[in-house]
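Scroll down for the structure; my scribbles are underneath it.
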Amino acid sequence: MTVRPLVAGNWKMNGTKESYEEFAKIAAGYDAALAEKIDMLVCPPAVLLAQFAEVENLPVGAQNCHAAASGAHTGDISAEMVANVGGKYVIVGHSERREGYGETDADVAAKAEAAWRAGLVAIVCIGESLEQREAGETIAVVTEQITKSLPDATTSANTVVAYEPIWAIGTGKTPTADDVAEVHAALRKSLVERFGEDGEKIRLLYGGSVKPTNASELLALPNVNGALVGGASLKAADFLGIAEAY
Ligand code: G2H
């Protein structure tokens, strides 16, 4: 089954309106030849979404949303607001939100449904901690997360899954290729068991210290359909270097 890859940038809490220049370089590099092979996406801080969304050839997304459409939720943004300014995707359940804000699998599932309600694609993140990996619990942990974080109405059109081992995020450490392949195989099995043939098509991204130097190996692995890139997505040359691994 051929699955069109997605290389997505997560800028986290980095960037100002002047960063538009770097974003525009990424958009310029995402030329017809690259666009024929892969989808690309940048998720900047929410305050930059509207500005960046004006560039037509490179979709943008948010890094989080509230489950409600509107209301008394100081400091939050809804999926509808993301869509309203031109966003196409929203990351939900990133480990930095699960850890920093106590988001549960149920919260993540509710946010994915909010994303769909607004017409966005949800990028649902899962991943184990170092303690869980060392205890040999990785497959059990990520299988439980993917089961509980994906609502029943998940499809390959409305959802992307990102596997990001927490200990590999921003640390420069990456799991071995065999480890990534093993986890992605288990995730694929779980998706197919639950969603049938469409489960084969749900994009499974790897995230955690992806760089131009390790992208070729990671992106060539079976069941790895792209990458969620943090630090290396901030510079056009690095981010495009990863995309060009395809
Ligand atoms: C994992 C990843 C992007 P980095 O959080 O989601 O960040 O590539 O900096 O490890």
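Bear in mind that the values in this text are calculations on the coordinates, not laboratory data. For clarity, every value in this text was computed on a predicted model and none was experimentally measured. Please note: Cβ atoms are built from the backbone with ideal geometry, for glycine as well, and neighbour counts cover all protein chains shown.
In whole angstrom, segment 1-56 maps to an equivalent ellipsoid with semi-axes of 23, 13, 9, each derived as √(5λ) from the alpha carbon gyration tensor and ordered largest first. For segment 2-58, the relative contact order is 53 percent, taking Cα pairs closer than 8 Å that sit 6 or more residues apart in sequence and dividing their mean separation by the residue count. Above 16 Å, the calculated P(r) of segment 108-184 contains 53 percent of its Cα-Cα pairs.
For Arg203, the residues 5 or more places off, or on other chains, whose built amide H falls under 5 Å of its own are Val161. Cα centroid separation, segment 88-147 to segment 194-224: 16 Å.
Multiply the residue separation of Ala69 and Gln51 by 0.36 nm, subtract the distance between their alpha-carbon atoms, and state the gained length in nm to one decimal. List each step's numbers first, then the result.
Values: separation 18, 0.36 × 18 = 6.48 nm, distance 2.19 nm.
Working it through step by step, the gained length comes to 4.3 nm.
Charge tally for Lys12 (other residues, Cβ to Cβ under 13 Å; Lys, Arg +1; Asp, Glu -1): -1. Spin-label pair Met13-Ala106: with each label point 7 Å from Cα along the Cα-Cβ axis, the two points sit 2.8 nm from one another.
Report, as a whole number in µm² per second, the diffusion coefficient that Stokes-Einstein gives for segment 32-108 at 37 °C and 0.692 mPa s using the Kirkwood radius over alpha carbon pairs. Mind dumping the intermediate values first?
Working: Rh = 13.5 Å.
Value of D from the Cα-based Kirkwood radius: 242 µm²/s.
Averaging the sequence gap over all C-alpha pairs within less than 8 Å and six or more residues apart, then dividing by the number of residues, gives segment 1-139 a relative contact order of 19 percent. Couplings 3J(HN,Hα) of segment 189-195, computed from phi: 4, 5, 5, 6, 4, 8, 10 Hz, in residue order, whole Hz [Karplus 6.51 cos²θ - 1.76 cosθ + 1.60, θ = phi - 60°; x for Gly and Pro].
Is the shape of segment 145-194 rounded, prolate or oblate, going by the alpha carbon gyration tensor and its root eigenvalues a ≥ b ≥ c, with a/c under 1.5 for rounded and a/b larger than b/c for prolate? It is prolate, given that a/c is not under 1.5 and a/b is the larger ratio. Compared with the direct C-alpha span, the chain from Ala157 to Glu99 gains 18.1 nm at full extension, assuming 0.36 nm per residue.
A simple spin-label model places pseudo-atoms 7 Å from Cα toward Cβ; at Asp76 and Asp198 they are separated by 2.6 nm. Shape analysis of segment 92-148 yields a ratio of the Cα radius of gyration to the Kirkwood radius, Rg/Rh, of 1.02.
Taking the DSSP bridge list for segment 1-129 and keeping only pairs wholly inside it, about 0 percent are antiparallel. Between Val3 and Glu137, 0.36 nm times their residue separation minus their Cα-Cα distance comes to what? Taking 0.36 nm per residue and subtracting the Cα distance, the gain is 45.4 nm.
Percent of C-alpha pairs per 5 Å bin in the chain, short distances first: 1, 7, 15, 20, 21, 18, 12, 5, 1, 0.
Once backbone amide H atoms are built at 1.01 Å from N, Met40 has Val7 as its partners under 5 Å, excluding neighbours fewer than 5 places away on the same chain.
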